[in-house]
Amino acid sequence: MRNPGKEQPICASSDGRTLYADVDGDGVVDEVHDSRDRDGRTVVTFEKPGNKQVRRSVWSIVTTADGRRKAHASPDEGFRAAFGDFDNDGRVDMAVTYTALPRGDDPVDSMSMGVVHWGPLGRDLKGRSRGSIRMSHGYYIDGLRAVGGTKPSASANSGPARLLIHQTTGDGAFETYQGQKLGRDLVVPDEPLPRWGQEFAEQKDGWADLGECPASPRSKATGP
């Protein structure tokens with residue numbers, strides 16, 4: 001699916017485990033393979049001419065010297081990532097957070113990373129520009145999730161994605177918050193979403209909320 005200069009769809013496989021999108025902006029549909037926990041083990045497979053492929057783990061964006069100082073942990077602990085078109089420009093974006101695992105019942109501010117990378121992300125996943133995920137508290141984040149904004153269409157993207165953030169409130173309880181784009185940032189209001197309508201368990205599996213591809217792009221890539 002090579003269409004240089006044309007906007008590519010952002011849609012999911014039927015099981016929601018693979019997101020299809022032009023991640024690096026080269027006009028070719030790439031694949032994002034879900035780690036189920038949306039942690040650093042999520043892998044992006046870039047398609048190249050001649051059926052060649054390049055794979056990059058999301059965790060690689062923080063394995064720089066600066067990143068290691070910020071996140072002294074394995075990718076499956078406090079690191080979370082979600083992909084979706086949060087600014088409705090037709091390009092997939094990436095939200096990334098790192099918060100230390102809670103050590104007691106009371107929540108503590110432990111966020112050392114809360115960043116949104118605006119697409120096209122490039123093959124280094126750094127993005128054309130960055131913004132902050134601005135939250136009232138830096139408590140432990142158990143999950144990030146991108147869900148579709150409007151009903152999907154077979155010929156177009158489903159509209160701007162919404163970033164849902166599942167954050168601890170202490171004593172084993174969690175609330176779900178929604179990020180709202182403001183300038184280059186995603187701002188998270190103090191008030192959580194109503195529990196009856198936005199529990200993570202009520203969302204579809206994987207990226208299925210972003211819309212299923214009418215016909216999955218052909219690729220030999222497999223999940224991580």
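Here are some notes:
- Annotation: extensible slack from Asp205 through Arg55 equals 51.7 nm (criterion: 0.36 nm per residue apart, minus Cα-Cα distance).
- Gain in span if fully extended, Arg130 to Asp37, counting 0.36 nm per residue against the direct Cα distance: 31.1 nm
- Förster radius 41 Å - calculated FRET efficiency between Asn88 and Thr169, Cβ distance, rounded to 0.05: 0.85
Read-outs: derived from the displayed coordinates by stated rules, not from any lab. The structure displayed is predicted, hence computed values, not measured ones. Don't worry about glycine lacking a Cβ; one is built from the backbone with ideal geometry, like all the others, and counts go over all protein chains shown.
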